[in-house]
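The values are calculated or read from the model by the stated rules, or taken from the named source; none is laboratory data. Note that this is a predicted model, so its numbers are computed, not measured. Cβ sites come from the backbone with ideal geometry, for glycine too, and all protein chains shown count toward neighbours.
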Amino acid sequence: MTEPAAAHRDGPSPALSPSDFGPTAPLWLPGHALNCYEGEPALRSWLLTPGLLTERIRSSAGSSYRMTLVCEQRVQAGHLREIEMGAGEVVWMFARSRVPAATLAQHPWLAQIGSTPLGAALSARGHRISRSDFEYGRLMADAPIVQRALQRASQPAQPLWVRRSTFFVDDQPLALAEVFLPAIGAVHRP
C-alpha cells in the first residue's frame with residue numbers, strides 16, 4: 001500500500017494549501033537529509049517511521065493509546081479531516097488530510113472516514129493505493145498547522161517537525177501532513 005508514486009513525487013502535495021504551512025515557505029527535506037537537521041535520535045526515529053504511524057503509536061502507547069477525530073468537514077476545495085493520536089491525554093501527533101474536490105467526486109467515501117485510522121480506511125476499500133515519498137519540514141510556531149497542533153496539545157509556541165506525503169487512490173490524490181509534538185513516544189505510567 002505504501003509504494004512510492006514516482007510520477008507524482010515532485011512538488012508540493014496537491015491537496016495541501018500553502019497556507020497550511022505558514023507565511024514563509026518551509027524547506028522540505030527528503031528523509032536521508034534528516035541526520036543533518038535533527039540531532040535527537042529518538043525523534044529522528046519517529047520521523048523516519050516507514051508507512052503509517054498509527055501502528056507504531058498504538059504499540060508504543062499500549063493500553064493508553066488514543067485517537068481523537070478533531071474535525072471532518074467539507075471545505076470549498078474538497079474535504080478536510082484532522083485527528084490527533086497519543087497516550088492518554090498526551091498528544092503525540094496531530095494530522096491533517098485534505099481531499100481535493102476531484103478526488104472526492106470519484107471517491108465520496110473519503111468524506112466519511114470518521115474515527116477510523118486513515119490507513120485502515122484506505123486499505124479496507126480494495127482500491128489501488130500508492131503513496132509519495134515523505135518530505136520533512138521544521139515549521140515555525142506561526143505556521144497555521146503547527147499553531148493548531150500546539151493549541152490542541154496545550155503546548156507553548158515552538159517549531160515542530162511536519163512530515164507530508166500524498167496518497168493516491170486509483171491515481172486520485174489526497175494529501176496528509178503529520179505534526180510531531182514534543183511528547184511523541186513518551187508514556188507516563190501512574
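Things to note:
- Only listed residue being more than 15 Å from the chain's Cα centre (by Cα), of a type in the set (S, T, N, Q) and closer than 20 Å to Glu55 by Cβ, chosen from Ser97, Ser165, Ser123: Ser123
- Elements of the type strands (runs of 3 or more DSSP E) sitting completely within the stretch 45-104 and holding at least 2 residues that are closer than 20 Å to Gly137 by Cα and modelled with pLDDT of 95 or more: these cover 78-87, 90-100.
- Looking across the stretch 144-159, the residues that are surrounded by fewer than 24 Cβ atoms within 10 Å (Cβ to Cβ), within 19 Å of Val70 (Cα to Cα) and touching a strand residue (DSSP E or B) at 6+ places or on another chain (Cβ under 9 Å) come down to Arg148, Leu150, Arg152, Ala153, Ser154, Gln155.
- Among the residues of the stretch 112-121, those that are assigned to a helix (DSSP H, G or I) and free of Cβ contacts under 8 Å to residues at least 60 places away in the same chain comprise Gln112, Ala121.
- Filtered residue count, the stretch 15-33, keeping only those that are surrounded by 11 or more Cβ atoms within 10 Å (Cβ to Cβ), more than 22 Å from Ala120 (Cα to Cα) and modelled with pLDDT under 90: 6
- Taken together, Ala143, Ala61, Ala124 contain a single residue that is closer than 22 Å to Tyr37 by Cβ and either of a type in the set (A, V, I, L, M) or touching a residue at least 24 places away in the same chain (Cβ under 8 Å) (or both), which is Ala143.
- Filter pass, Val187 being at pLDDT 95 or above and in contact with a helix residue (DSSP H, G or I) (Cβ under 9 Å, 6 or more places away or on another chain): no
- Here the condition is being surrounded by fewer than 22 Cβ atoms within 10 Å (Cβ to Cβ), in contact with a strand residue (DSSP E or B) (Cβ under 8 Å, 6 or more places away or on another chain) and closer than 11 Å to Pro117 by Cα; of Glu84, Glu72, it holds for Glu84 alone.
- Residue tally, condition charged (D, E, K, R) and in a strand (DSSP E or B), over the stretch 122-148: 3
- Any hit, the stretch 114-129, residues being of a type in the set (Val, Ile, Thr) and crowded, with 20+ Cβ neighbours inside 10 Å: no
- Only one of the numbered conditions (1) hydroxyl-bearing (Ser, Thr, Tyr); (2) under 17 Å from the mean Cα position of the chain (by Cα); (3) over 22 Å from Leu34 (Cβ atoms) is not met by Ser154, and that is (2).
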